Structures are given as C-alpha cells and as structure tokens.
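Contents: one structure, followed by commentary.
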Amino acid sequence: MCGRFTLTVDPADLKDAFEGCTFPAKFAPRFNIAPTQPVLVIPNNTKNTADFFIWGLIPSWAKDPAIGNKLINARGETLAEKPSFRGSYKYKRCLILADGFYEWKSVPGTKTKIPHFIHLKTGKPFAFAGLWDEWHSTDGSFVRSCAIITTAPNKLMTTIHNRMPVILESQNYADWLDSAPRTPESLQSLIRPFPAELMEAYPVSTLVNSPANDRPECIVPA
C-alpha cells in the first residue's frame with residue numbers, strides 16, 4: 001500500500017523531468033500528502049497538461065463519492081478484473097507526480113511501526129502509474145480523482161513492506177499516457193517494481209503519522 005507521499009521540488013525541476021508538459025503556475029511544496037487531498041496528475045486525455053485531482057478514485061458510476069476513501073491504491077495484478085479499476089485501466093491512465101513516498105515497517109513482536117521515507121538516489125521527481133476517473137454529481141458539479149497502482153516490492157522495499165507503488169521509468173511515460181484504449185496485455189509489462197539499486201530509504205519521525213504535519217521535518221532522518 002502507498003498511503004503518503006511527497007512533492008517538494010521546484011516547478012522548474014518538474015519541467016525538466018517531464019519535458020513538454022504544462023504545469024499550474026504556482027503550487028506549494030508538499031511533505032505529507034494524504035488520501036482525499038489534491039495531487040498533481042498528468043492524465044492521458046489532456047495532451048501533457050498537469051492538474052490537481054483528488055487522491056482516492058471515484059468511479060464514474062459510483063452512487064456515493066465516499067467510495068474514493070477506500071480506493072487510494074489499485075493492485076496491479078487485478079486491474080483488469082476489478083469493476084472499480086478495469087474501465088480506467090483501459091481508457092483513463094495517468095502519471096501521479098511525486099519525489100518520495102512513505103511506508104511503515106513493523107517491529108516484530110510489537111505493535112510499533114516505524115515510518116520510512118523512500119526516494120530516488122538522484123533526488124529527482126518521478127511518476128507513479130495511476131488511474132483516473134471523473135464523477136458527476138446530480139447538482140452538476142464533478143470530481144476528478146485518481147488511484148496509485150501498486151505491485152510486489154523490490155529488494156529494497158521487501159525489508160520494509162510487502163507492497164510498493166509502481167514507479168514508471170521515464171521512457172514509458174508516453175506509452176502509459178497513450179490516449180487510445182489499451183488491452184491489459186499491452187500494459188501489464190509496465191506494472192513492475194522499480195529497480196531497487198536506484199532507490200534509497202531511511203527511517204523518519206512519527207510526525208508523518210498525522211496528515212496535519214506537512215512540513216520539511218517529515219523527511220528528516222530520524
């Protein structure tokens with residue numbers, strides 16, 4: 001599961017990492033992004049224009065938007081089977097922009113869980129493989145939302161947790177953002193663990209346990 005992440009880099013760094021994309025003029029660095037909050041997304045229907053979506057997928061057919069609270073992650077192994085995700089997997093894929101994420105490591109024999117911050121060794125921003133959808137209310141308003149796809153852990157993440165978010169390699173961005181309908185077979189090779197040797201992790205303060213704490217101290221090594 002991926003339940004918290006960060007996007008702290010300068011917008012200029014995003015433009016370098018996602019060449020040709022257009023970003024909102026201003027946005028604040030985020031050190032503790034939590035479900036139900038806005039996240040920066042590049043959907044596959046806007047010609048490389050990033051915008052803010054709500055984290056927690058609300059399928060277009062949902063009767064109650066609260067379902068999004070339970071759909072923050074989508075298991076990569078079953079995307080084509082689950083009613084909540086299979087339509088988006090075929091038609092509505094996206095990049096969810098980040099520069100790090102958190103995971104909690106259980107301490108054997110106790111109820112204690114130690115938060116860890118995981119990021120690329122380069123410190124550069126990256127993209128989670130995501131799904132998006134648009135839900136319309138009876139009052140005419142709408143919500144665009146998304147979910148992060150997860151997969152089996154790589155060698156680094158195995159020491160912390162039994163799942164990890166799918167981080168796409170940059171050469172696969174265009175393929176994932178293809179606006180044409182895609183079959184599961186044509187995309188499944190992209191649903192894989194990111195190379196462990198390109199990542200690093202370290203324990204951080206339990207400050208990150210509360211979404212109210214959204215400040216640089218969250219990523220300081222404990």
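Please treat every number below as a calculation from the coordinates, not as lab data. Small disclaimer: the values here were computed from a predicted structure and weren't measured. Cβ: placed from backbone, ideal geometry, glycine included. Neighbour counts: every protein chain shown.
Of 204, 39, how do they rank once you tally other Cβ atoms within 10 Å and put the fewest first?
Exposure proxy ranking, most exposed first: 204, 39.
Picking from 189, 208, 177, whose Cα lies most toward the positive end of the charge dipole for the stretch 153-216 (charges on Cβ: Lys, Arg +1; Asp, Glu -1)?
208
What's the extension gain from residue 52 to residue 212 if we count 0.36 nm per residue and subtract their Cα-Cα distance?
Extending this stretch completely gives an extra 55.6 nm.
Report the gain in length on full extension from residue 12 to residue 122: 0.36 nm times residue separation, minus Cα-Cα distance, nm rounded to one decimal.
That pair, residue 12 and residue 122, stretches by 38.0 nm at full extension.
Quote the charge dipole size of the stretch 4-219 about the Cα centre in Debye, to the nearest 20; the model charges only the Cβ of Lys and Arg (+1) and of Asp and Glu (-1).
Charge dipole, the stretch 4-219, about its Cα centre: 520 debye, nearest 20.
Counting other beta carbons within 10 Å of each residue's own, what order do 143, 107 fall into, fewest first?
Placing the least packed residue first, the sequence is 107, 143.
Using a Förster distance of 41 Å, how high is the FRET efficiency between residue 61 and residue 112, based on the Cβ-Cβ distance and rounded to 0.05?
0.50
In deg cm²/dmol and to the nearest 500, what is the mean residue ellipticity at 222 nm of the chain if only DSSP H runs of at least 4 residues count, each as -39500 (n - 2.57), divided by the residue total?
After summing the helix terms and dividing by the residues of the chain, the value is -2500 deg cm²/dmol.
To the nearest 0.05, how large is the calculated FRET efficiency for residue 189 and residue 162 if R₀ is 22 Å and r is the Cβ-Cβ distance?
Taking R0 as 22 Å, the efficiency between residue 189 and residue 162 is 0.50.
Which is the longest part of the chain that has none of the chymotrypsin sites (Phe, Trp or Tyr not before Pro) sitting in a DSSP loop with at most 16 other Cβ atoms within 10 Å?
For chymotrypsin sites (Phe, Trp or Tyr not before Pro) (loop position, at most 16 other Cβ atoms within 10 Å), the longest site-free span of the chain is 62-222.
Going through the cross-link list 15/124; 47/121; 15/90; 90/124; 124/155, which pairs have a Cα-Cα distance over 23 Å in this structure?
Violating the 23 Å limit, Cα to Cα: 47/121; 15/90; 90/124.
I need 219, 118 ordered by Cβ neighbour count within 10 Å, fewest first.
Ascending Cβ contact count within 10 Å gives the list 219, 118.
Using a Förster distance of 25 angstrom, determine the FRET efficiency expected from the C-beta separation of residue 80 and residue 137, and round it to 0.05.
0.30
Shape call for the stretch 4-219 from the C-alpha gyration tensor, a ≥ b ≥ c root eigenvalues: rounded (a/c under 1.5), prolate (a/b greater than b/c) or oblate?
rounded
For the stretch 118-222, rounded, prolate or oblate, judged on the Cα gyration tensor with a ≥ b ≥ c (square roots of eigenvalues), a/c < 1.5 rounded, else prolate if a/b > b/c?
It comes out oblate by the Cα gyration axes.
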